[in-house]
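*Asks:* Sharing a structure here in structure tokens format.
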Amino acid sequence: MPGEIKEIPATPDMIKGLRLEILEEIPKSDFKKLVALKGVEDELAKALLRKFGTLERIKSANIEELMSLPGIGRKRAILIKNQLEESSQAVEEPLEGE
């Protein structure tokens, strides 16, 4: 039938290729900063970056937006948010003597 969409099963090579593309799109410096946070393991860092794109967007997300990801409850969302805010302030504050 014209215009009919047929479902084609994905091969393991296709899936592997998609995973590699997704991993290559994740900013490595943002990933490293996220996994350095308490309560954020590799898979969660990847999920955060897939959803929000960059560390800056994750920082600007509210608690409910963070909680929309599986594995992030209110406590973990607050923990992540607080750590990101603290790291931003540490960069913005001048060193003593400057």
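Derivation of every value follows stated rules applied to the coordinates shown; laboratory data play no part. Bear in mind the structure is a predicted one, so any value in this text is a computation, not a measurement. So basically every Cβ, Gly included, is an ideal-geometry build from the backbone, and we count neighbours across all protein chains shown.
*Asks:* Could you line up Lys38, Lys59 from fewest to most neighbouring Cβ atoms inside 10 Å?
*Replies:* Taking fewest neighbouring Cβ atoms as first place, the list is Lys38, Lys59.
*Asks:* Can you sort Val35, Val40 so the residue with the fewest Cβ neighbours within 10 Å comes first?
*Replies:* Val35, Val40
*Asks:* Still on this structure, please answer the following. To make sure I understand, if each residue's beta carbon is the centre and we count other beta carbons within 10 Å, what order do Asp30, Asp42 fall in, fewest to most?
*Replies:* Asp42, Asp30
*Asks:* Same structure, new question: Taking Rh as the Kirkwood radius, which is the inverse of the mean 1/r over Cα pairs, what is the Rg/Rh value for region 23-74?
*Replies:* Values: Rg = 10.0 Å, Rh = 11.0 Å.
Looking at region 23-74, the ratio lands at 0.92.
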